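The block underneath contains the structure these notes are about, expressed in structure tokens.
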Amino acid sequence: MQIEQLQGSIVAIVTPFKDNGEIDLNAFDELIEFHINSGTDGIVVCGTTGETPTLSDSEDAQMIERCVTKVNGRVPVIAGTGSNSTSDCIKYSRKAVELGADALLVVAPYYNKPSKRGIYKHFSQVAKNVDAPIILYNVPGRTGSNIEPSTAIELANNHKNIIAIKEAGGDMNVFAELLANRPEGFKVYSGDDFLSYSSNFLGADGCISVVANLIPADFHKMMKASMQGDFVVARDLFYKYRSLMELMFLESNPLPVKTALALMGRVNEVFRAPLCEMEDENREQLKIELKKLKLI
């Protein structure tokens, strides 16, 4: 599949760790096979859900290379390469391309809170200096900065390799504005599992998902049904997993999703500081829902 045609369920995959805190590459390989066998349409490696803020540069490279090798062209591999430094973002992006990533997921610069003009210049410089498809990533709740729809559209019109946006601002009006004004071929992905069903009915192209780590087959079905206008199937799946999707943000991502995967026996319940285990009452609430869904 060409990355420009990518639609559906794109998992933001977790990074498994061993008990000693090292990356568990064998568990990672098994997760990749789980997703491909379940119909996942694409994989994002080294994103927020992959705990990339706590990975070293060499570990980032190791994870991207491993994912590309294990996937072996079966689905697109998208590498998270964002930074609050434009020069570092270009460096990370070039490295990911060198390692074989099919596209890049580039988050808005975080913490230093650039202006609208600064955000445009940041992405424009990355696009000019990296020969690869780029997916903008807007998540103002984490970054403290916002890629406005008009900025995203301007970037898409001015740079052919800016091919999509992952929109995680939680506002359906933003989806509507992006979808109404996007140039031909520009993809809009939800970055919010809970809104993905609704945004697809507006014309969005799927979701870069957290909950797909747990229910890849059914999340793929929900994305396909909602994009094809099959209201009944999509609605039934949405309500089946509505509570689980909400629980994925009971505490900061990726704590709930990785805890759930551990309860399912797929990874160790190991995080890197400053992330740590969930509060007992929240973990129990998650466990109850997983049992209800017969996932454990």
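Just so you know, all these numbers are worked out from the coordinates, no wet-lab data involved. Values in this document were obtained by computation on a predicted structure and should not be read as measured data. Cβ: placed from backbone, ideal geometry, glycine included. Neighbour counts: every protein chain shown.
Overview of results
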| quantity | calculated |
| --- | --- |
| Relative packing of peptides 238-248, 214-224 - highest average C-beta neighbours within 10 Å first | 214-224, 238-248 |
| Neighbour-count order for 89, 276, 207, fewest beta carbons within 10 angstrom listed first | 276, 89, 207 |
| CD proxy at 222 nm, helix term only [per DSSP H run n ≥ 4: -39500 (n - 2.57); per residue of the chain; nearest 500] | -14500 deg cm²/dmol |
| Residue-count net charge about residue 125 - beta-carbon cut-off 13 Å; Lys, Arg +1, Asp, Glu -1 | +4 |
| The stretch 120-134 versus the stretch 199-268: alpha-carbon centroid distance in Å | 30 Å |
| Relative contact order (%) - criterion: Cα under 8 Å, at least six apart; region: the chain | 18 percent |
| For 69, 143, order by how many other beta-carbon atoms lie within 10 Å, fewest first | 69, 143 |
| Aspartates and glutamates whose Cα lies under 17 Å from that of residue 166, excluding same-chain neighbours fewer than 8 positions away | 4, 41, 102, 148, 154, 177, 184, 192, 193, 205 |
| Listed residue (101, 176, 15) projecting farthest to the positive dipole end of the chain, Cβ model | 176 |
| DSSP-assigned coil residues among GluC sites (Glu not before Pro) in the stretch 117-226, each with at most 10 further Cβ atoms within 10 Å | 184 |
| Exposure proxy ranking, count of Cβ atoms within 10 Å, fewest first, for 58, 199 | 58, 199 |
| Net charge contributed by nearby residues that have their C-beta within less than 12 Å of residue 262 (K/R +1, D/E -1) | 0 |
| Value of relative contact order over the stretch 226-295, rounded to a whole percent, pairs C-alpha under 8 Å and six or more apart | 27 percent |
| In the stretch 23-87, trypsin sites (Lys or Arg not before Pro) in a DSSP loop with at most 15 other beta-carbon atoms within 10 Å | 74 |
| For the stretch 52-114, size of Cβ-based charge dipole, Lys and Arg +1, Asp and Glu -1, in debye | 120 debye |
| Contact order relative to length of the stretch 113-263, as percent, for alpha carbon pairs under 8 angstrom and 6 or more apart | 16 percent |
| Reachable aspartates and glutamates, given that their alpha-carbon falls under 15 Å from the alpha-carbon of residue 258 and they are not under 8 places away in the same chain | 19, 24, 30, 51, 246, 269, 277, 279, 280, 284, 289 |
